Amino acid sequence: MGIGDVRVDDLHSATRRWQQSLEGPETPEPHSSLASDDAACPPLPCSRIAWHSLHAAVAAFDRALDALEAPETDGSAVLDELRTSLVHASHAVVVLALPRRERTDFAMRIAWSALDGAPDDPGIAALVAFPIPLAAREIARLLDERHFRASPRWTDRASVRVAGDHVASRVADRALFEDVVRFVWANDTTAAPLRDDLVTSAESISEVVDRAVTLWRTRRLAPLRDDVAASSADSPLGVPAALVPIRR
């Protein structure tokens, strides 16, 4: 087995872990930090943006690996799916990772853009089955209460930039990661990319997906209460167990 195949096997293992993490409920536990964030934008809550973005990101990444392992690898198809995965994972990172005021502001702008209509931004448009201008106006009112005076319009590119900055500070090789993000975003396949370049691209994009899944897994849980912790010596450590249509 070649080194390239071992690296792809590792990526398949990561995909299986992500899928397992997303098998639970799509709603956060009461009193979790994510449940608190959801109150900021009832028409399209942070958790719903994150949940559906994560599922789309993992599905696209899985398709990228399938395209990478096809008998005749189509580099353009691999990069198309990696870009889709990057966009969706970035939306999830944006609404899960940043300080609370920033992430809820960005989540409200993503929600406004989806509900108002974002035909040029497929990642945002995929969040809802169809635009609902009335709900968008309600989000604009909520933003106005926060004294947000600029256009609320958000884009896929904005999420990739914000999430990329966040993840880049956590990876071993920041320069490589940033180069890969630019390469995948541009998806310029005038020259057929080498298989090693495609595998390296998948490894870097997996960092964004993994960060988003990790944040989802932790932030949707309620904190362990002191009285529960005090009585858990004889039992395994554990924690207590919308207004718009979502595009499936």
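The values are calculated or read from the model by the stated rules, or taken from the named source; none is laboratory data. On a predicted model such as this, the values are computed, not experimentally measured, just so you know. Positions of Cβ are generated from backbone atoms using ideal geometry, with glycine treated the same way; all protein chains shown enter the neighbour counts. Each accessible area value is taken on the protein alone, full model and side chains, heavy atoms only, with ligands, DNA and RNA left out. Shrake-Rupley method; radii C 1.70, N 1.55, O 1.52, S 1.80 Å.
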Practice task
Report relative contact order for region 106-209 in percent, whole number only (criteria: Cα-Cα under 8 Å, sequence separation at least 6).
Solution key: 23 percent
Fill in the blank from the handout: Placing each pseudo-label 7 Å from Cα in the direction of the beta carbon, THR27 and ASP74 end up separated by a distance in nanometres of 4.1 nm
Exercise for the section: Keeping every protein chain in place, order ARG219, ARG149 by accessible area at 1.4 Å, biggest value first, i.e. largest first. Expected result: ARG149, ARG219
Practice task
Rounded, prolate or oblate: pick one for the chain, where a ≥ b ≥ c are the square roots of the eigenvalues of its C-alpha gyration tensor, a/c under 1.5 means rounded, and failing that, prolate if a/b is larger than b/c, else oblate.
Solution key: oblate
Problem - Full-extension gain in nm, ASP120 to ALA192, via 0.36 nm per residue minus C-alpha separation - result: 23.3 nm
Problem - Sequence of ARG17, ARG146, ARG103 when ordered by accessible area, the most exposed leading, probe 1.4 angstrom - result: ARG17, ARG146, ARG103
Exercise for the section: Have a look at ALA202, PRO45, SER169 and report the one farthest towards the positive end of the charge dipole of the chain, computed about the Cα centre with Cβ charges (Lys/Arg +1, Asp/Glu -1). Expected result: PRO45
Practice task
Estimate the FRET efficiency between ARG161 and ASP210 by the formula 1/(1 + (r/R0)^6), using the beta-carbon distance for r and 30 Å for R0, to the nearest 0.05.
Solution key: 0.95
Practice task
Before anything else, pin down the relative contact order of region 30-220: Cα pairs under 8 Å, at least 6 apart, normalised by residue count, whole percent.
Solution key: 30 percent
Practice task
For the chain, give the magnitude of the charge dipole about the Cα centre (Cβ charges: +1 Lys/Arg, -1 Asp/Glu; no others), in debye to the nearest 20.
Solution key: 1000 debye
Practice task
Find the eigenvalues of the gyration tensor of the Cα atoms of region 36-152, then list the square roots of 5 times those eigenvalues as equivalent ellipsoid semi-axes, largest first, in whole angstrom.
Solution key: 31, 14, 11
